[in-house]
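First comes the structure, then the notes that go with it.
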Amino acid sequence: MKTADTAHSEGPSAFAQAAELELRGVSKRYPGEPEPAIHDLSLTVPAGEVCVLVGPSGSGKTTTMRLINRMISISSGDILLGGRSVLERDPKELRREIGYVIQQVGLFPHQTVGENIATVPQLLGWHKDRIRARVHELLELIDLDPLQMENRYPAQLSGGQRQRVGVARALAADPPLMLMDEPFGAIDPINRGRLQDEFLRLQEKVKKTVVFVTHDIDEAIKMGDRIAILRDGGVLAQYDTPREILTHPADEFVAQFVGADRGLKRLALTTLAELELLEPDGLPADAEADGALSLPRDTSVRDAVSLMLTANGEPVRVLDGEGHVEGLLTLAVVEHLLSDEAAASPAMAADGSSPRIEPSSQGAR
Ligand code: ADP
Ligand code: MG
């Protein structure tokens, strides 16, 4: 493995651009504490996916991040990055291969934006031309003008810009894993939404393995390919895709955590293209013709319902890529979708409401 280590100073990283992360029966008990902060945590994040760790305050989210990059020691179990135990690695070297982004950003205030982003490449001994090129590339990636921004100090940036520079700094040495601990927690809701969208676009390009911590279930649903829900005592309550967690919460704790409006939340994840629409019989092919409501097929069902409700329940014409009417969405179609979901949800039965298991709805999945 020594050859891989030496390759860092100039060549590519020891890992591909993203590596699988596996936690195997990980526990953490802080010295002097009676109860473990993390209890027998096992989960695998496939390379290139975003895993969101979510749970109430004190459920061990930050502890998990610190265990992964060995800022604190594991009490038992193992963590593998790219199939190799992090316990075998030199902690300093490991941390250079893991991008870390935190809520307060932690930019060095007396260093310029360019110097901040260059931190890890400097430590790795990259040539200065290569560092400058990388800094410019990253500033462009996060939509900041390199020449305008590289010599500014963190205090001369907005909160959102600082957060983006924090992400760029974490990405600098092209790490196979990014840890992001409540990265947008301190940002106002509007800018937060923008940063989330921007990060998702960035992730499309860089395809890192990401562990993203939040206590906000809506952020988890939006950002995660998979969501790990922790409960008190650092116990994993459920690890699944957002859709599965919303449709089949594993137990009452998860159902409570995702909220009573999980049906609506699921509508936000479903696009019109995924629905069985009504035949557009007799409608003019050109939707613009008579001013009727129309939406593109990649609109979320939630947004479509919102539009229909403001229009007194009028149906919506769903348009394909060419603007032709593909089908008709009515509130009845949405109702059908929601009742399928209710029928398939075990937690609904557990809380006393009548489970309607219909064979037809099972087959529809
Ligand atoms: P979260 O990030 O989910 O809010 P943390 O991982 O920070 O939770 O903390 C999990 C639990 O471990 C909490 O009960 C917290 O008080 C405890 N804890 C965190 N850090 C330490 C520490 N250094 N020493 C002792 N207990 C700690
Ligand atoms: Mg925390």
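Within the bounds of the stretch 331-351, is there any residue that is in contact with a strand residue (DSSP E or B) (Cβ under 6 Å, 6 or more places away or on another chain), modelled with pLDDT of 90 or more and farther than 27 Å from E252 by Cβ? So far as the stretch 331-351 goes, no, none of its residues is in contact with a strand residue (DSSP E or B) (Cβ under 6 Å, 6 or more places away or on another chain), modelled with pLDDT of 90 or more and farther than 27 Å from E252 by Cβ. Among the residues of the stretch 249-277, the one identified as touching a Gly at 6+ places or on another chain (Cβ under 9 Å), assigned to a helix (DSSP H, G or I) and over 20 Å from R226 (Cβ atoms) is L272. Give all pairs with beta carbons closer than 8 Å in which a residue from the stretch 58-76 that is assigned to a loop (DSSP other than H, G, I, E, B) meets a residue that is aromatic (F, W, Y); count only pairs at least 6 apart in sequence or on separate chains. Note: pairs meeting the criteria are N69/Y100.
Pairs meeting the criteria (first residue in the stretch 18-33 and over 22 Å from F212 (Cβ atoms) and at pLDDT 95 or above, second residue assigned to a strand (DSSP E or B) and of a type in the set (D, E), beta carbons under 7 Å, at least 6 apart or on different chains) are G25/D40; S27/D40. Number of residues in the stretch 221-254 that are surrounded by 18 or more Cβ atoms within 10 Å (Cβ to Cβ) and farther than 25 Å from T63 by Cβ: the value is 2.
All told, P36 meets the bar of being at pLDDT 95 or above and crowded, with 17+ Cβ neighbours inside 10 Å.
Criterion first (under 25 Å from R302 (Cβ atoms), modelled with pLDDT of 95 or more and not β-branched (V, I, T)) does F212 satisfy it? Considered against the rule, which asks whether it is under 25 Å from R302 (Cβ atoms), modelled with pLDDT of 95 or more and not β-branched (V, I, T), F212 comes out as yes.
For the stretch 45-61, the candidate set comprises residues that are under 16 Å from the mean Cα position of the chain (by Cα) and farther than 13 Å from V210 by Cβ; within that set, the residue that is nearest to ligand 1 (Cβ to nearest atom) is K61.
I'd like the residue in the stretch 148-205 that is among the small types (G, A, S) and part of a loop (DSSP other than H, G, I, E, B) and, out of all such residues, is surrounded by the most Cβ atoms within 10 Å (Cβ to Cβ).
Among residues in the stretch 148-205 that are among the small types (G, A, S) and part of a loop (DSSP other than H, G, I, E, B), the one surrounded by the most Cβ atoms within 10 Å (Cβ to Cβ) is A172.
Taking the numbered list (1) touching an Asp or Glu at 6+ places or on another chain (Cβ under 9 Å); (2) away from ligand 2 (no atom under 16 Å from the Cβ); (3) touching a residue at least 60 places away in the same chain (Cβ under 8 Å) in turn, E115 passes all entries but (3). When residues in the stretch 298-325 are screened for being among the β-branched types (V, I, T), more than 14 Å from T271 (Cα to Cα) and either crowded, with 16+ Cβ neighbours inside 10 Å or touching a residue at least 60 places away in the same chain (Cβ under 8 Å) (or both), 1 of them pass.
The values are calculated or read from the model by the stated rules, or taken from the named source; none is laboratory data. Please read these numbers as outputs of a predicted model, since none were measured by experiment. Here Cβ is always computed from backbone atoms with ideal geometry, including for glycine, and neighbour counts include all displayed protein chains.
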